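The values are calculated or read from the model by the stated rules, or taken from the named source; none is laboratory data. These figures come from a predicted structure and were not determined experimentally. Note that we place each Cβ from the backbone using ideal geometry, even for glycine, and neighbour counts take in every protein chain shown. With ligands, DNA and RNA removed, areas are computed over all heavy atoms of the protein, side chains included. Shrake-Rupley method; radii C 1.70, N 1.55, O 1.52, S 1.80 Å.
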Amino acid sequence: MTNSSQDEGSPSPRRLVVVMPAYNEADSIEAVLSEVLEMSIRLLLGAVSTTVLIVDDGSPDGTGLLAHRFGERYGLDVRLLHGQRDGLGAAMLRGLAAALELDPEAIVTLDADGQHNPADIPTLHRAFVSRGADIVIGSRWTRGGRSPGTSAARSLGSRVGNLAFRVITGTRGVADATTSFRVYSPRVARFLLGTNSNRYTGYSFFSTTVALAEAAGYVISEVPIEFRPRYGGMSKLNRAEARSYFVTLPTLRDERRHALDVAAAPEYLATAEMAWLDRAVAWNRYVVDCALASIDAAQVRTIAEVGAGVGAVTTELAGRFPSADVYAFEPDVANFQTLDHRFRDSLRVHPINGALGADPGRLPPGGVDLVVYVNVLEHIRDDEAELVHALRQLRPGGELAIFVPGQPWLFGPIDARSGHYRRYTVKSLGEVVLRAGFSVERLGYADRLGVLPYWIQFRLLNKAGVPATSPEAFDRLFVPATRAMDRLLAKSVPGKNVVCVARR
């Protein structure tokens with residue numbers, strides 16, 4: 001790797017890394033780099049520096065040498081990655097891995113033939129920052145996008161390819177999944193490098209990354225662009241590549257399923273969703289009512305709440321059990337800081353930065369009367385081992401209350417984004433509670449009204465963000481309706497959530 005203008009040991013705190021795979025692009029590389037240089041000056045006004053990585057697969061026409069000389073002549077930070085010609089997908093993976101080593105704020109990928117206008121990069125970057133996206137696509141086919149100079153046959157083929165991609169793989173909300181003009185967040189780049197997909201080959205790399213990232217709950221957004229005629233050379237997309245793309249789409253659908261199965265990401269992605277739920281006061285009260293309806297408040301003096309988050313459910317517990325001390329366990333540091341600040345003046349709520357199994361010594365001797373898991377057990381890989389820890393912390397006769405998402409067929413990007421390992425059925429939750437050593441007292445479904453709207457928003461439309469309604473409107477309109485539906489259909493219709501009360 002060659003650095004033409006910057007010391008590799010002193011990266012900018014806000015760096016944009018532009019990754020350009022190149023093979024025999026001598027006719028266009030200098031013109032494209034000229035436009036990147038102009039764009040980099042605009043970004044520098046916003047304190048964002050630009051580094052260009054040319055992934056040159058041994059171009060015999062001297063593409064890499066021309067790029068290197070351009071960087072030296074005009075002061076653009078151009079670095080070369082040399083490699084054998086082992087395909088576009090492999091080149092993209094090498095480029096992303098090398099870009100991550102530079103600690104970037106964002107990674108941009110674009111073609112070296114001039115079809116993508118580098119002047120659009122600041123617009124894509126602004127969308128990346130303002131929308132909190134993990135991938136922003138410069139799209140030909142979203143509203144406002146254009147592709148002048150592209151033949152009718154080529155445009156039709158691209159649109160058909162994108163339609164087939166959406167229908168066969170189940171990916172939603174992306175009009176142009178086959179283009180390489182994108183902004184990636186470092187965290188999604190790390191995720192993609194760790195997935196080891198069988199389809200990171202050739203041009204299929206681009207649709208594969210979209211499908212797997214969307215399945216894992218990362219936020220994808222599109223910005224309309226004008227897709228230009230290339231500056232020189234010929235398209236490297238041939239019939240064999242096109243055939244391979246269509247034939248292997250069913251395989252990609254299977255890989256998306258695998259991405260969902262293992263998508264409890266090391267980085268929690270649902271901060272906005274947690275903030276939305278924190279404001280849904282009536283919903284949190286409904287959840288606590290569902291989970292704790294059969295528990296006698298007069299018999300409860302000590303509660304361990306596992307996974308307290310920012311304290312929305314903790315508030316409801318403290319109100320429902322006015323004589324009890326609540327030990328609120330929260331392992332996430334940022335969430336714990338909010339939780340701790342929220343209850344800094346409380347004499348009965350005791351925030352604990354840790355997990356129940358890792359820090360049981362913070363509980364009073366003799367055990368607690370009640371252990372509560374509200375929308376937490378699904379985040380824990382070994383749920384049975386976790387419940388064994390809970391059993392040990394309960395006094396003899398103490399109770400366990402669980403509220404979890406139900407219906408495994410509803411599992412989608414919002415679950416993956418939230419770090420869920422699973423959704424439960426009444427049977428599966430009951431079995432894990434029994435195996436942990438509890439005696440089940442109450443087991444059933446809740447939120448029967450929520451199944452259909454949840455399926456529409458988060459499975460049919462594959463949304464991965466907060467609900468479209470405000471928390472206040474949701475509380476005012478939906479919560480009373482779902483309470484009524486639960487009363488009417490308690491024995492005949494399964495719900496969106498599963499509730500269990502058990503005893504030691």
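Among residues that are under 23 Å from GLY58 (Cβ atoms), at pLDDT below 90 and in a helix (DSSP H, G or I), ALA99 is not included. Screening ARG342 on (1) crowded, with 17+ Cβ neighbours inside 10 Å; (2) in contact with a strand residue (DSSP E or B) (Cβ under 7 Å, 6 or more places away or on another chain); (3) farther than 29 Å from ASP134 by Cα shows it passes everything except condition (2).
Is it true that ARG476 is surrounded by fewer than 19 Cβ atoms within 10 Å (Cβ to Cβ), farther than 27 Å from THR302 by Cβ, in contact (Cβ under 8 Å) with a residue 60 or more places away in the chain and charged (D, E, K, R)? Considered against the rule, which asks whether it is surrounded by fewer than 19 Cβ atoms within 10 Å (Cβ to Cβ), farther than 27 Å from THR302 by Cβ, in contact (Cβ under 8 Å) with a residue 60 or more places away in the chain and charged (D, E, K, R), ARG476 comes out as yes.
Among the residues making up the range 291-311, those that are open to solvent by 20 Å² or more (accessible area, probe 1.4 Å) and part of a helix (DSSP H, G or I) are ALA297, ALA298, GLN299.
Beta carbons closer than 9 Å, at least 6 apart along the sequence or on distinct chains, pair a first residue in the range 378-393 that is touching a residue at least 12 places away in the same chain (Cβ under 8 Å) with a second that is among the basic types (Lys, Arg) and open to solvent by less than 40 Å² (accessible area, probe 1.4 Å) for GLU378/ARG423. Taking the listed residues TYR231, TYR245, TYR218, TYR268, the one that is of a type in the set (Phe, Trp, Tyr), at pLDDT 75 or above and within 23 Å of TYR421 (Cα to Cα) is TYR218, with no other qualifying. When each of LEU434, LEU429 is tested for being modelled with pLDDT of 95 or more, among the hydrophobic types (A, V, I, L, M, F, W, C) and open to solvent by 60 Å² or more (accessible area, probe 1.4 Å), the lone residue that passes is LEU434.
Of all the listed residues (ARG459, ARG423, ARG504), the sole one being in contact with a Phe, Trp or Tyr (Cβ under 9 Å, 6 or more places away or on another chain) and closer than 22 Å to ARG285 by Cα is ARG423. Selection of the range 165-187 for residues being closer than 24 Å to GLY144 by Cβ, assigned to a helix (DSSP H, G or I) and open to solvent by less than 20 Å² (accessible area, probe 1.4 Å) yields only PHE165.
From the list ASP120, ASP134, the one residue that fits, being crowded, with 17+ Cβ neighbours inside 10 Å, among the charged types (D, E, K, R) and closer than 25 Å to ARG417 by Cα, is ASP134.
Restricting to the range 12-61, count the residues that are in a helix (DSSP H, G or I), in contact (Cβ under 8 Å) with a residue 24 or more places away in the chain and under 19 Å from ASP103 (Cβ atoms). So the answer is 2. The residue list ARG442, ARG422 contains one member that is of a type in the set (Lys, Arg), touching a Cys at 6+ places or on another chain (Cβ under 8 Å) and either on the phi < 0 side of the Ramachandran plot or not in a strand (DSSP E or B) (or both), which is ARG442. Out of LEU192, LEU156, report the one residue that is part of a helix (DSSP H, G or I), over 16 Å from LEU16 (Cα atoms) and in contact with a strand residue (DSSP E or B) (Cβ under 9 Å, 6 or more places away or on another chain). It is LEU192. Scanning the range 62-81 for residues that are outside any helix (DSSP H, G or I) and touching a residue at least 40 places away in the same chain (Cβ under 8 Å) gives GLY75, LEU76, ASP77, VAL78, ARG79, LEU80, LEU81. Does ARG126 satisfy the condition of being assigned to a helix (DSSP H, G or I) and open to solvent by 20 Å² or more (accessible area, probe 1.4 Å)? So ARG126 fits the description; yes. Considering the range 140-164, the residues that are of a type in the set (S, T, N, Q) and out of contact with any Phe, Trp or Tyr (no Cβ under 8 Å at 6 or more places or on another chain) include one that is most open to solvent (accessible area, probe 1.4 Å), namely SER151. Exactly one residue among GLY307, GLY319, GLY311 is small (Gly, Ala, Ser) and without any contact (Cβ under 8 Å) to a residue 12 or more places away in the chain, and that residue is GLY319. Might you check whether a residue that is touching a residue at least 40 places away in the same chain (Cβ under 8 Å), surrounded by fewer than 15 Cβ atoms within 10 Å (Cβ to Cβ), of a type outside the set (S, T, N, Q) and over 25 Å from LEU277 (Cα atoms) occurs anywhere in the range 351-360? For the range 351-360, residues touching a residue at least 40 places away in the same chain (Cβ under 8 Å), surrounded by fewer than 15 Cβ atoms within 10 Å (Cβ to Cβ), of a type outside the set (S, T, N, Q) and over 25 Å from LEU277 (Cα atoms): absent. Give the range 388-414 a look and list any residue that's part of a helix (DSSP H, G or I) and crowded, with 24+ Cβ neighbours inside 10 Å, or say none. ALA390, PRO413, ILE414, listed by residue number.
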